[in-house]
Amino acid sequence: MLDVVNLTHTYGNGPDAHRALGGIDLSVPEGQLVCVVGPSGCGKSTLLRSIAGLVRPTGGEVRVKGRPVTATPDDLAVVFQDYSRSLFPWMSVRDNVALPLRRRGLDRAARRTAAAEALAAVGLESAATKYPWQLSGGMQQRVAIARALAYRPSLLLMDEPFGSVDAQTREDLEDLVLAVREHHRMTIVLITHDIDESVYVGDRVVVLTSAPAVVAADLRVDLPGPRDQIGTRELPAFVHLRSEVSRLVRGRPEFSMTPPHITTPSHIDKE
Ligand code: ADP
């Protein structure tokens, strides 16, 4: 479904140039949910925007279904973190969800049906005629997810989609993404800074190094399904994997279980 080949990207020129991506290689088969984690500012969003055709990379290539990405592919949807800026405040929830479906060539009745189905899938059928600003943050993000679902993309990209909602809503939205993936067999690439989340929702966790980012590790998540917010997070395999990802993100893969060395502060030595 997705191939990222030796992708590099540098922002700016000359002494102010910032090399964000240092050569990323990544292949995602159809139906897989891949989480991408890495240190803050390492280039996760740059990678996602390059896949979406929103950033033209300096080097390398992105292919979706074998075709090089030069502009945003038709069969792709993106859910951004900032839901407040991704929904149109002057449009009802239903119209927000139905809007991109014009690109699919659906008539008005078909657009309304698809929007109603997607809103039902995220538990918001009763909010269809409301406006985004009448909803809580978590509900607005569900509208953004419904809009992506209604479009029925083969590839769904999510950039820190639950970063601005409370912990309970975040867990509900994680389970919603898992349900959607199960139901629609979509391929999903989800960027997150939350290591627990990456292990909980991912089939696979790709860890990036700090900038210029390359793939530091590509870990398969072998946890039994269906996943459960309490039971799954208690499993020894979950705890082990989240620790491994955490060490990799911090750049300490060689970490052992021995306690850190206790050093004597220099001012005590002098006394
Ligand atoms: P992440 O998503 O991992 O936090 P980003 O991809 O957003 O990282 O950014 C990677 C680096 O590139 C950061 O240092 C950021 O400041 C820089 N950057 C991102 N967008 C731009 C831009 N449009 N112009 C210049 N630098 C940018």
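The values are calculated or read from the model by the stated rules, or taken from the named source; none is laboratory data. Note that the structure is a prediction, hence the values are computed from the model and not measured. Methodologically, a virtual Cβ is constructed for each residue, glycine included, from the backbone with ideal geometry; neighbour enumeration extends over all protein chains shown. The protein model used for the area step is the full one, side chains on, heavy atoms only, and it has no ligands, DNA or RNA in it. Shrake-Rupley method; radii C 1.70, N 1.55, O 1.52, S 1.80 Å.
Restricting the search to strands (runs of 3 or more DSSP E) fully inside segment 179-255 and requiring at least 3 residues that are open to solvent by less than 20 Å² (accessible area, probe 1.4 Å) and out of contact with any His (no Cβ under 9 Å at 6 or more places or on another chain) gives 187-191, 204-208. Quick check on my filter: what residues within segment 28-67 are among the small types (Gly, Ala, Ser), in contact with a helix residue (DSSP H, G or I) (Cβ under 9 Å, 6 or more places away or on another chain) and in contact (Cβ under 8 Å) with a residue 60 or more places away in the chain? Scanning segment 28-67 gives 31, 38.
Looking only at residues of segment 14-29 that are within 11 Å of the ligand (Cβ to nearest atom) and not small (Gly, Ala, Ser), we find that the one that is nearest to residue 60 (Cα to Cα) is 21. Considering only residues in segment 118-156 that are β-branched (Val, Ile, Thr) and touching a helix residue (DSSP H, G or I) at 6+ places or on another chain (Cβ under 6 Å), the one that is surrounded by the most Cβ atoms within 10 Å (Cβ to Cβ) turns out to be 143.
Here residue 164 passes the criteria (1) touching a strand residue (DSSP E or B) at 6+ places or on another chain (Cβ under 9 Å); (2) hydroxyl-bearing (Ser, Thr, Tyr); (3) within 16 Å of the ligand (Cβ to nearest atom) except the one numbered (1).
The set of residues from segment 1-13 being within 15 Å of the ligand (Cβ to nearest atom), in contact (Cβ under 8 Å) with a residue 40 or more places away in the chain and not β-branched (Val, Ile, Thr) comprises 7, 9. Name the single residue, out of those in segment 41-56 being within 8 Å of the ligand (Cβ to nearest atom) and among the basic types (Lys, Arg), that is farthest from residue 24 (Cα to Cα). Once the filter is applied, the top-ranked residue is 49. Residues that are under 30 Å from residue 128 (Cα atoms) and under 16 Å from the mean Cα position of the chain (by Cα) occur at least once in segment 41-48.
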